[in-house]
1. Could you tell me how many of the residues in the range 178-214 are touching an Asp or Glu at 6+ places or on another chain (Cβ under 8 Å) and of a type in the set (Lys, Arg)?
2. For the range 151-181, which positions are over 18 Å from Phe80 (Cβ atoms) and surrounded by fewer than 19 Cβ atoms within 10 Å (Cβ to Cβ)?
3. Could you list all residues from the range 8-38 that are hydrophobic (A, V, I, L, M, F, W, C) and either part of a helix (DSSP H, G or I) or free of Cβ contacts under 8 Å to residues at least 12 places away in the same chain (or both)?
4. For a quick check of your reading: which strands (runs of 3 or more DSSP E) sit entirely within the range 39-155 and have at least 2 residues that are of a type in the set (Val, Ile, Thr) and in the same structural domain as Glu190 (by TED's automatic domain parsing)?
5. Is it the case that the range 146-154 has a residue that's on the phi > 0 side of the Ramachandran plot and either out of contact with any helix residue (DSSP H, G or I) (no Cβ under 7 Å at 6 or more places or on another chain) or among the charged types (D, E, K, R) (or both)?
6. Please specify each residue of the range 36-73 satisfying the condition of being within 19 Å of the chain's Cα centre (by Cα) and of a type in the set (A, V, I, L, M).
7. Looking only at the range 231-252, which residues are more than 17 Å from the chain's Cα centre (by Cα) and buried (at least 21 other Cβ atoms within 10 Å of the Cβ)?
8. Just one of the numbered conditions (1) touching a helix residue (DSSP H, G or I) at 6+ places or on another chain (Cβ under 7 Å); (2) closer than 29 Å to Phe19 by Cβ; (3) part of a loop (DSSP other than H, G, I, E, B); (4) not β-branched (Val, Ile, Thr) is not true of Ala170; which one?
Amino acid sequence: MDNLTIGMATFDDFNGVYFTIQALKMYHGEAVKSAEIIVIDNNPSSKDGQETKAFCEKDKRIKYIESDNSRGAFSKEDVFVHAENENVLVCDCHVLFAPDSILSLKNFFKSGEDKGNLIQGPLLSDSMEIIATHLKPTWGSGMFGQWALDKRVYSEKAFEIPAQGMGVFACKKNSWVGFPKGASGFGGEEYIIHEKFRQAGKGAICLSNLKWLHRFRRPSGAPYSPTRENKFKNHIRGFLEADLPVFEVLEHYKSIGTPESEINKWLEDVTKENG
């Protein structure tokens, strides 16, 4: 088997899983022909879940794992638990990779240039143009980190970044630092995980050729609804764990109209979690 594991988590998105995996096989054949593929299914009993399982079981390279959705999007880190290979690439279950992107990542690992860092890549628009290489450390709509473009992506193989969206990320299995304890649902991944890598003596880098396209739109809507409470609590958990200034979280959520009574209640809930 190859020294690469590619994994994803899904919740009622058979179409996403199908086209992500089939595109990997069709357009990155040599790069993934012996790679391990892992699918973490957070709703295996649904119709989408049943179709996803049936699809995965047709290919011996795919390891299908049933999950209970207790961690939501954060269950994607279970890919590291089940991965049998040293090099791990995690992506959302509705991502397509540009030509040569997987090969570039494999070569980067092989060369040792990754140095245990968190590896990410530039996000493409629907018109296939690079629109974001990283996230800048500013708040917006309940999220810490806003898309930005570093022009070094056009001239340098790889460069350090403060953070990037977690739709695609890779690292050595033994380099993974883990999402914050108790994190669940959606929101609060970005910047915290990058800061944890930095505190572990590593960093985050953009590999210029690891280009990815993310399907953001879903005409029928997502089968789950991220809540402000959920995002707030994840940010608090992450900021506490990374020893970052929690007042930034409080001030932002106040600025977007969150009642102070709710903020205090949510903060109390997270404080109780930590004893």
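The values are calculated or read from the model by the stated rules, or taken from the named source; none is laboratory data. A quick note: this is a predicted structure, and the numbers were derived from the prediction, not measured. Positions of Cβ are generated from backbone atoms using ideal geometry, with glycine treated the same way; all protein chains shown enter the neighbour counts.
1. Going through the range 178-214 one residue at a time, the tally reaches 2.
2. Lys151, Arg152, Tyr154, Ser155, Glu156, Lys157, Phe159, Glu160, Pro162
3. Phe14, Val17, Phe19, Ile21, Ala23, Leu24, Met26, Ala31, Val32
4. Once the strands (runs of 3 or more DSSP E) in the range 39-155 are filtered for at least 2 residues that are of a type in the set (Val, Ile, Thr) and in the same structural domain as Glu190 (by TED's automatic domain parsing), what remains is 62-66, 87-91, 130-132.
5. Within the range 146-154 (the criterion being on the phi > 0 side of the Ramachandran plot and either out of contact with any helix residue (DSSP H, G or I) (no Cβ under 7 Å at 6 or more places or on another chain) or among the charged types (D, E, K, R) (or both)), the answer is no, since none of the residues qualifies.
6. The answer is Ile37, Ile38, Val39, Ile40, Ile65, Ala73.
7. Once the filter is applied, which keeps residues that are more than 17 Å from the chain's Cα centre (by Cα) and buried (at least 21 other Cβ atoms within 10 Å of the Cβ), the range 231-252 yields Phe232, Lys233, Ile236, Arg237, Phe239, Val249.
8. (3)
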